[in-house]
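Chemist: Got a structure for you, written out below as C-alpha cells; questions coming shortly.
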Amino acid sequence: MEEIKKQFSDKALKDFKLIDHAVNEGDEQAFAELMERYKRPVYHMILKMIRNTDDAEDLTIEAFAKAFKNLHKFKKDYTFSTWLFRIATNNTIDFIRKKKLNTFSLNTSFTDDGGEAVTIDVEDKNRNPQDEAINTQKKELVQMFVSKLPPKYQRLVRLRYFDELSYDEIAKTLDAPLGTVKAQLHRARELMYDLVKDKKRHI
C-alpha cells in the first residue's frame, strides 16, 4: 500500500477504495459516487470530440455502463480516471467511425484529472469484426436498461439507440412535438443513469 501511496494522488486512492466497495460488496453508493466524480469531465471530453450535446449525453451513459460492467477487471496499475477516459474515448471513436463524422483530429490526446495523457489510438478507419462485436455488446448492454424503463420511454430509447434516429426523425415517427421528444429522452437518460449506478440488481 505504501508503494501505491507514492504513485497516486489522494483522489486516485479514494477512487480505489470506492472501486473495492463497488466490486467486493456491490455497494450502490460507491458506484453512484464514482459516477458523480467523473460524469461531468467525461461528458465534456466527449463533447469536445463530437460537438453534439445529445450524442455526448448518450455516449457518457454508455461509457459508464461499460466501465461498471468491467469494473472487476480494473487493475490499480494506473488511475481509474485514465481507464474510464480511455473507455469513453474508444467508445466515442467507434461512434465517430460509424457515423463518419467530420469532427476532430484523431491524433488528439487528452489529459485526465491527474495530468496523465490519455492517448487516442485509432488503427483503422474501417470497421472490423472486433468493432462489430463491441457494437453488439453495447446494444445488449443498453437493452438491459431499456427493459427496466417505464413503457412510455422504451420506444423512444429504442428509436434513438437501436434505430439511431435523430431527434427530428423520432418526432416525425411518433408524430410528437420535438420539444416533447427531447424532454422525454432527457428524462429517460436520467433514469438510465440511475440504472447504471444501481448495478447490483440490473447487470
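Chemist: With a 1.4 Å probe and every protein chain left in place, work out the accessible area per residue of the stretch 11-102 in Å², rounded to a whole number.
Modeler: 45 Å²
Chemist: Another question about this same structure. Could you order ILE87, ILE46 by accessible surface area, starting with the largest, using a probe radius of 1.4 Å? Before the final figure, lay out the partial values.
Modeler: Numbers: ILE87 25, ILE46 0 Å².
The ordering from most to least exposed comes out as ILE87, ILE46.
Chemist: Quick one: 3J(HN,Hα) in Hz for the stretch 178-193, Karplus 6.51/-1.76/1.60 with θ = phi - 60°, rounded, Gly and Pro as x.
Modeler: Karplus-based 3J(HN,Hα) across the stretch 178-193 equals 4, x, 5, 4, 4, 5, 5, 5, 4, 5, 4, 4, 4, 5, 5, 4 Hz.
Chemist: Please calculate the 1.4 Å probe accessible area of HIS72, with all protein chains present, and give it to the nearest 10 Å².
Modeler: Near enough 120 Å² of accessible area.
Chemist: Hey, what do the phi angles of the stretch 70-87 turn into as Karplus ³J(HN,Hα) couplings, whole Hz, using 6.51/-1.76/1.60 and θ = phi - 60°, x for Gly and Pro?
Modeler: Coupling constants for the stretch 70-87: 9, 4, 5, 8, 5, 10, 7, 7, 8, 6, 4, 5, 4, 4, 5, 5, 5, 4 Hz.
The values are calculated or read from the model by the stated rules, or taken from the named source; none is laboratory data. Only a predicted model underlies this, so the values are computations on that prediction, with no experimental measurement involved. Side chains are part of the model used for accessible areas, which takes the heavy atoms of the whole protein and leaves out ligands, DNA and RNA. Shrake-Rupley method; radii C 1.70, N 1.55, O 1.52, S 1.80 Å.
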